[in-house]
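The values are calculated or read from the model by the stated rules, or taken from the named source; none is laboratory data. Given the structure is predicted, the values throughout are model-derived calculations rather than measurements. Please note: Cβ atoms are built from the backbone with ideal geometry, for glycine as well, and neighbour counts cover all protein chains shown.
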Amino acid sequence: MTSMDTYDVAILGGGSAGEYIASLLADGGKRVAVVEARLVGGECPYFACIPSKAMLAAAELRHSIRHAAVMAGAVSHPLALDGDREAYAAAVARRDVVAERRDDAGAVERLRAKGVSVLKARGRIEAPGVLDAGGTHIGWRDLVIATGARFHEPSISGLRAMPTWTSEDFYSTGELPASAAIIGGGAVGCEIAQVLARFGCRVTLVQHAPQLLSREEPAVAAALATALRDDAVDVRLGVEVASVSAVPGGMELILDDGTSATVERIIVAAGKRPNTSGIGLERIGIEPDTRGALPVDDRCRVAGRTNVWAAGDVTGLALYTHTANYHARTIGANLLGRDVRADHRAIPRGVYTEPAVASVGLTSVAARAEGHDVAVATFPLTETARGFVRGDRIGLLVLVADRSARVLLGAAAVGSHVEELIGEAALAIRAKVPLDVLVDLVHPFPTYSEAYEPPLRELR
């Protein structure tokens, strides 16, 4: 092997976590290399968080205009809207602007301006202390693995032969299908369903679990299902897709309950899996767990290693951009000489539909499974003064506490912009704030956050 550049830290994967870590370490005086085959910044700015929220905002505003005559007395008569396809094209144009037209040149330049070496190539661990970046070998003293996750394709007869979309395809195209089936009722599937439905697409959403958002509070998931059905989404719960085949004008899905759906497009939103295959982990004796994830300790070091770290989706822990950024801050601090520990008990979860869903900590089911002395209290957000004057029809806050420890274990909410009020519960869980202190907190009037007060008094 010829002589090669050696870096203090090499980062395999330049997504949200990798980009953030590189920036922190470069600012701290470290010599850093990032190896990324696709786009620096990862999925979030180009194919996920940012474009999805742009499309959801457009869909929400269009829905509000359509119903303005009966919502909060905004107008005295129905307003005229342009056609769905014309409006969808305008929404897509704005989506592409906020997603920087899926061009990472600015992100690459910002890192290089800090002195980071950015290698646009597929990276692979060649040997201890060595990475192969598309034929170029670089040395490392510490390695950060931030390779993200890949889309999971469910095993369905005939599916692989069909021209399906992933969420990445959906947020890259300008096509508005007349009809679509979405396989998967998690956050991604629900968000896409609402966008399409509010722009006139006939949507069938198929979820194998008995509820949407299968790991969230059932009452909150049920409220979201009601909201999607109000948008004319055909929500089918507790069923599997048995087979898919081509038919004139589209594709037919046969479900295991004997029903079917014929659509123009199929969107697979069946979750993601940590992306650890083919990156050379075996060259340094690291084996992923049964999920394909890299287990990490509380400093985000790969279990049993002192100079190999992992961040973001590849760890299998809370697959969100804010988790990746949290890991990045943790790893960056440790590599710069501080002793920082990660705590995953209070990572918020969000679905940015309208109404939105937000949660943090344990559900009541998970809390009981862990052996806690569980108490649950709820309050309708529609009964807050804010919800009443806005005319909200859907809204619920669920709080889960430990009776013996007298602390909050979890919270879940569905309603208008609940993602903005879940932070209070996240802080309470993270800091183990006693219920007596939470009960004494004064909330501004009139706000949705007042909904915390009655269930907290009940829990106390």
Might you let me know whether segment 98-112 holds any residue that is touching a Gly at 6+ places or on another chain (Cβ under 9 Å) and more than 30 Å from R31 (Cβ to Cβ)?
no
What tally of residues in segment 439-454 results from selecting those that are of a type outside the set (S, T, N, Q) and within 28 Å of the chain's Cα centre (by Cα)?
4
Among V188, V144, the single one that is aliphatic (A, V, I, L, M) and under 24 Å from G238 (Cβ atoms) is V188
Unmet requirement for A232, which otherwise passes all of (1) under 26 Å from A91 (Cα atoms); (2) among the small types (G, A, S); (3) touching a strand residue (DSSP E or B) at 6+ places or on another chain (Cβ under 6 Å):
(3)
Log entry, pairs with first residue in segment 38-51 being among the polar types (S, T, N, Q), second being crowded, with 22+ Cβ neighbours inside 10 Å, beta carbons closer than 7 Å, six or more apart or on different chains, reads none
Quick check on this structure: which one of R403, R390 is charged (D, E, K, R), modelled with pLDDT of 95 or more and either farther than 27 Å from E191 by Cβ or in the same structural domain as E450 (by TED's automatic domain parsing) (or both)?
R403
The condition from (1) part of a strand (DSSP E or B); (2) more than 26 Å from T290 (Cβ to Cβ) that W309 misses is numbered (2)
If I filter segment 72-97 down to residues being over 22 Å from R390 (Cα atoms) and assigned to a loop (DSSP other than H, G, I, E, B), which single residue comes out as modelled with the lowest pLDDT?
A80
With the requirement that a residue be among the basic types (K, R) and part of a helix (DSSP H, G or I), what does segment 259-302 give you?
R283
Within segment 86-101, the residues that are of a type outside the set (A, V, I, L, M), touching a helix residue (DSSP H, G or I) at 6+ places or on another chain (Cβ under 7 Å) and crowded, with 16+ Cβ neighbours inside 10 Å are R95, E100
Could you say whether any residue in segment 63-85 is surrounded by 14 or more Cβ atoms within 10 Å (Cβ to Cβ) and within 21 Å of the chain's Cα centre (by Cα)?
no
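Does I156 count as closer than 30 Å to C201 by Cβ, in contact (Cβ under 8 Å) with a residue 24 or more places away in the chain, surrounded by fewer than 21 Cβ atoms within 10 Å (Cβ to Cβ) and in contact with a Leu (Cβ under 9 Å, 6 or more places away or on another chain)?
Yes: the conditions hold for I156.
Restricting attention to segment 258-309, which residues are of a type in the set (A, V, I, L, M, F, W, C) and farther than 21 Å from G148 by Cβ?
Matches in segment 258-309: A261, V263, I266.
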